[in-house]
1. In debye, nearest 20: dipole of the chain around its Cα centre with unit charges on the Cβ of K, R (+) and D, E (-)?
2. Report the residues of the stretch 6-22 in range of a label on VAL109: point 7 Å along Cα→C-beta, backbone N strictly under 18 Å from it.
3. Compute the FRET efficiency between ALA85 and ALA26 as 1/(1 + (r/R0)^6), taking r as their Cβ-Cβ distance and R0 = 30 Å, and round to the nearest 0.05.
4. Where does each of 60-67, 108-115 land if you order them by average Cβ count within 10 Å, highest first?
5. What label, among (i) 37; (ii) 22; (iii) 25, belongs to percent of Cα pairs over 28 Å apart computed from the structure on display?
6. Using 17 Å as the cut-off for backbone N distance, which residues of the stretch 20-47 belong to the label zone defined by a point 7 Å from the Cα of ARG99 along Cα→Cβ?
7. Helix by helix, which DSSP H runs in the chain go 18 Å or more along their axis at the Cα atoms and have an average Kyte-Doolittle hydropathy of 1.0 or more?
8. Give me the 1.4 Å probe accessible area per residue for the chain, excluding ligands and nucleic acids, in Å².
Amino acid sequence: MRPPTLVTTAAAVAATAAVGAAATDASSRWYRRLRKPRWQPPPAAFPLVWTPLYALVAVAGARTLDAAGRAERAPFARAYALNLALNAGWTALFFRARRPAAALAEIAVLNASNLALLRRAGRADRLAGVALAPYVAWTLFATALNAAIVRLNSGR
């Protein structure tokens, strides 16, 4: 992995994290009033989970871009950028737009993007695929959490 590539992917991931952080307001009255499943982690857990996940996404992206052949590099870069946009988009839909059902539909697309990214990364560099796996798993957990919130609040 070349340092310039890591700097690029780290900057892209940091921008995604910043957009997500700016859009998130777990202390808002709207969010506090939502019914949530008992198995939801406490709000303090989310930054503790997302910080290492975002670091892994940056490393995986850099490793993949550096290992990919000429023909695969540009398509992976586009898929990676789309994935980061979808990641940030979920937060905006859920917290800013206050549309959990729309966010659930969007996170389903993010999951498809995650799986495609994982497949591409794993083909180019096995360790990059391994690095993306926790992100994919956590996003699936977030999907279940989002679905539970939609279900618990459907009559409201």
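1. 520 debye
2. Answer for this model: 16, 20.
3. Approximately 0.85, to the nearest 0.05.
4. In decreasing order of mean packing, 60-67, 108-115 become 60-67, 108-115.
5. Only one option fits the structure, namely (ii).
6. Only 23-24 fall inside the zone, counting backbone N under 17 Å.
7. Length and hydropathy pass: 3-23, 45-67, 126-152.
8. With the other protein chains kept in place, the chain gives 53 Å² per residue.
The values are calculated or read from the model by the stated rules, or taken from the named source; none is laboratory data. Remember, it's a predicted structure, so these values are computed and weren't measured experimentally. Cβ: placed from backbone, ideal geometry, glycine included. Neighbour counts: every protein chain shown. With ligands, DNA and RNA removed, areas are computed over all heavy atoms of the protein, side chains included. Shrake-Rupley method; radii C 1.70, N 1.55, O 1.52, S 1.80 Å.
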